[in-house]
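Have a look at the structure below, then the notes.
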Amino acid sequence: MVAGGPSLVGLGCKRALVCVAENDVLKDRDWVYYNALSKCGWMGVVEIFEIDGENHWFHLNDLQSQKAKDLIRRLEAFFHRDMPRLP
């Protein structure tokens with residue numbers, strides 16, 4: 001993502017999920033990564049998921065909060081997408 005840096009085109013996966021918290025100090029960097037991956041020619045699918053009103057590591061402070069549960073459900077859906085179902 002910087003001049004002379006390695007290309008994202010060869011990223012070794014087919015899908016990527018970027019999770020962002022609205023009040024995270026890294027939020028802008030996360031969006032830059034998402035946009036760079038979206039436009040670099042990588043043949044995979046990138047998605048972004050942003051949680052409103054939260055800071056970095058918010059989910060570790062209260063795993064039972066609704067927003068932490070929403071994040072976990074989103075991760076679960078991402079990881080299980082296109083996976084064969086067990087009988």
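Just one residue in the set A77, A68 is in a helix (DSSP H, G or I) and surrounded by 13 or more Cβ atoms within 10 Å (Cβ to Cβ); that residue is A68. Among the residues of the range 37-54, the ones that are under 20 Å from A3 (Cβ atoms) and under 13 Å from the mean Cα position of the chain (by Cα) come to 2 in all.
All of A36, A21, A16 fail the test of being out of contact with any strand residue (DSSP E or B) (no Cβ under 7 Å at 6 or more places or on another chain) and either of a type in the set (A, V, I, L, M) or open to solvent by 60 Å² or more (accessible area, probe 1.4 Å) (or both), apart from A36. Contact map, the range 12-26: first residue more than 12 Å from E54 (Cα to Cα) and in contact (Cβ under 8 Å) with a residue 24 or more places away in the chain, second residue of a type in the set (V, I, T) and part of a strand (DSSP E or B), Cβ cut-off under 6 Å, separation 6 or more or different chains; pairs are R15/V45; A16/V46; V18/I48. Scanning the range 36-65 for residues that are within 17 Å of L26 (Cβ to Cβ) and outside any strand (DSSP E or B) returns A36, L37, D52, G53, E54, N55, H56, W57, F58, H59, L60, N61.
The values are calculated or read from the model by the stated rules, or taken from the named source; none is laboratory data. Everything quoted here is computed from the prediction, not taken from an experiment. We place every Cβ from the backbone using ideal geometry, glycine too, and count neighbours over all the protein chains shown. Just the protein is used for accessible areas: all its heavy atoms, side chains included, with ligands, DNA and RNA removed. Shrake-Rupley method; radii C 1.70, N 1.55, O 1.52, S 1.80 Å.
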